[in-house]
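Since the structure comes first, as structure tokens, the remarks are kept for the end.
The values are calculated or read from the model by the stated rules, or taken from the named source; none is laboratory data. Since this is a predicted model, take the numbers as computed values, not measurements. Cβ placement follows ideal geometry from the backbone for every residue including glycine, while neighbour counts extend to all protein chains displayed. These area figures cover heavy atoms from the full protein model, side chains too; ligands, DNA and RNA do not enter into them. Shrake-Rupley method; radii C 1.70, N 1.55, O 1.52, S 1.80 Å.
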Amino acid sequence: MRLDRFLAECGLGTRNEVKKIIRSGAVTLNGQVTKSADAAVVPTTDSVAVLGREMIYREFIYLMLNKPGGYISATRDGKTPTVLDLLPDEYRHFEPFPVGRLDIDTEGLLILTNDGDLAHRLLSPKKHVPKTYIAQIEKPVKTEDVDAFSRGVVLDDGYKTLPAKLASLSDTEPYFAEVVISEGKFHQVKRMFEAAGNKVLYLKRTKMNYLALDEKLELGHIRELTDAELELLQKTN
Ligand code: URA
């Protein structure tokens, strides 16, 4: 890989900014000052430093967003703000994208990454990755709803969902329930409650696979996953 690309991908700046820094003589490659932007770098073995500070190359980034309402889970949209509008500049060069979709009014855990393989594994319909939601609902959960969810619910388009876990979190107003689904059909949780004659008033995702939303992460804020969190996200049974 070229030195200028390596440094740009380390987040040092744009390709043009990086070229200027290299020309200024601030960059060493394996201890030797180099002024050639096209010097060859092997990221895994070469050591590159800028003004003596070692640059750490990473190909992938894994971010946790506590998604607020009002943002869509897309990378680009004409007018509506997207979750990428919440991305701090320091992560932009990684070009992360949201793993799956939350509705515009749904809050909570959304993973952003540029690791296409991981995203694919988490979203593949064959993998049945569990996703946990807290829903505020119009009416209390009935025992028959818990049974119906556990068998799978027939949605408005005739599709029968996979078995889901439903538990009431509060039987007095405001009514809250926890739902765990292992697929990701359009508006799935809302439509499952509709099929049970109920209505979702507010929805928040609290878990994806074994990774829980950090409740200390403020709405609209993004931070990198720790190594332990990444393991929980990737864990398979
Ligand atoms: N189910 C929904 O209905 N909406 C979401 O955003 C996620 C799951």
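If you go through region 207-217 one residue at a time, do you hit one that is surrounded by fewer than 15 Cβ atoms within 10 Å (Cβ to Cβ), under 19 Å from ASP105 (Cβ atoms) and out of contact with any Lys or Arg (no Cβ under 9 Å at 6 or more places or on another chain)? No, region 207-217 has no match at all.
Among the candidates GLY116, GLY69, the residue that is within 16 Å of the ligand (Cβ to nearest atom), open to solvent by 10 Å² or more (accessible area, probe 1.4 Å) and under 30 Å from HIS187 (Cβ atoms) is uniquely GLY69.
In this structure, ASP156 does not satisfy being under 21 Å from ILE222 (Cβ atoms) and in a loop (DSSP other than H, G, I, E, B). Name the residue, out of THR226, THR172, that is surrounded by fewer than 15 Cβ atoms within 10 Å (Cβ to Cβ) and not assigned by TED's automatic domain parsing to the domain that holds ASN114. From the options THR226, THR172, the qualifying one is THR172.
Return yes or no: is PHE193 within 12 Å of the ligand (Cβ to nearest atom) and open to solvent by 70 Å² or more (accessible area, probe 1.4 Å)? No: the conditions fail for PHE193. With respect to the conditions (1) touching a strand residue (DSSP E or B) at 6+ places or on another chain (Cβ under 7 Å); (2) under 24 Å from LEU169 (Cβ atoms), GLY100 lacks only one, and its number is (1). Say we look at region 119-140 and pick out the residues that are within 16 Å of the ligand (Cβ to nearest atom) and assigned to a loop (DSSP other than H, G, I, E, B); which of these is farthest from the chain's Cα centre (by Cα)? Within region 119-140, the match that is farthest from the chain's Cα centre (by Cα) is GLU138.
Report whether or not GLY220 is more than 29 Å from PRO81 (Cα to Cα), assigned to a loop (DSSP other than H, G, I, E, B), in contact (Cβ under 8 Å) with a residue 12 or more places away in the chain and open to solvent by less than 50 Å² (accessible area, probe 1.4 Å). Spelling it out, it is not the case that GLY220 is more than 29 Å from PRO81 (Cα to Cα), assigned to a loop (DSSP other than H, G, I, E, B), in contact (Cβ under 8 Å) with a residue 12 or more places away in the chain and open to solvent by less than 50 Å² (accessible area, probe 1.4 Å). Of all residue pairs spaced 6 or more apart or on separate chains, those with beta-carbon atoms under 6 Å, a first member in region 2-22 that is at negative phi and open to solvent by 20 Å² or more (accessible area, probe 1.4 Å) and a second member that is among the charged types (D, E, K, R) and not in a helix (DSSP H, G or I) are ARG2/ASP38.
Among residues of region 98-109 that are closer than 7 Å to GLY69 by Cα and open to solvent by less than 10 Å² (accessible area, probe 1.4 Å), those with a Cβ under 6 angstrom from a residue that is in a strand (DSSP E or B) and within 9 Å of the ligand (Cβ to nearest atom), sequence gap 6+ or separate chain, pair up as THR106/LEU203. The single residue among TYR175, TYR210 that is among the aromatic types (Phe, Trp, Tyr), touching a Pro at 6+ places or on another chain (Cβ under 7 Å) and away from the ligand (no atom under 13 Å from the Cβ) turns out to be TYR175.
Would you check if LYS185 is within 12 Å of the ligand (Cβ to nearest atom) and surrounded by fewer than 16 Cβ atoms within 10 Å (Cβ to Cβ)? The answer is yes for LYS185.
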